[in-house]
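Worksheet: one structure, shown below.
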Amino acid sequence: MNSDFGSVEQFKEAFIQAGTTQFGSGWAWLAIDNGKLVVTKSPNASNPLVDGMKPILGCDVWEHSYYIDYRNKRPDYLKAFSR
């Protein structure tokens with residue numbers, strides 16, 4: 001984490017940013033790309049495998065995954081997920 005993101009906190013910030021900025025339905029991902037940890041996002045049912053990466057952790061940012069608890073506050077859901 002530290003070598004690829006600088007710190008765990010910087011990873012969390014990047015992960016939250018990816019999930020927050022995913023327009024509409026999709027996912028935020030921690031993946032391996034050419035031996036390096038990366039944060040990425042994908043629309044709908046896509047995933048990092050499509051781009052030749054290996055997914056490690058995925059967070060569903062489709063509205064159905066958080067609406068009951070967080071309503072339309074996706075960033076709050078991602079902060080709770082990243083704890």
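Here, each number is a calculation from the coordinates, and none is a lab measurement. Keep in mind that what you see is a predicted model, and the values were worked out from it rather than measured. Neighbour counts are summed over all protein chains in view; Cβ atoms, including those assigned to glycine, are modelled from backbone coordinates with ideal geometry.
Highest mean first, the peptides 28-39, 9-20 sorted by other C-beta atoms within 10 Å per residue fall in the order 9-20, 28-39. Annotation: amide H of S25 within the under-5 Å range of N44, sequence separation 5 or more or interchain, hydrogens built in the peptide plane.
Counting every pair of alpha carbons in region 24-66, the share spaced more than 17 Å apart comes to 25 percent. Counting only residues at least eight positions apart within a chain, or on another chain, the lysines with an alpha carbon under 29 Å from that of K36 are K12, K54, K79.
Note that the chain carries a Kirkwood radius of 12.8 Å, evaluated over its alpha carbons pair by pair.
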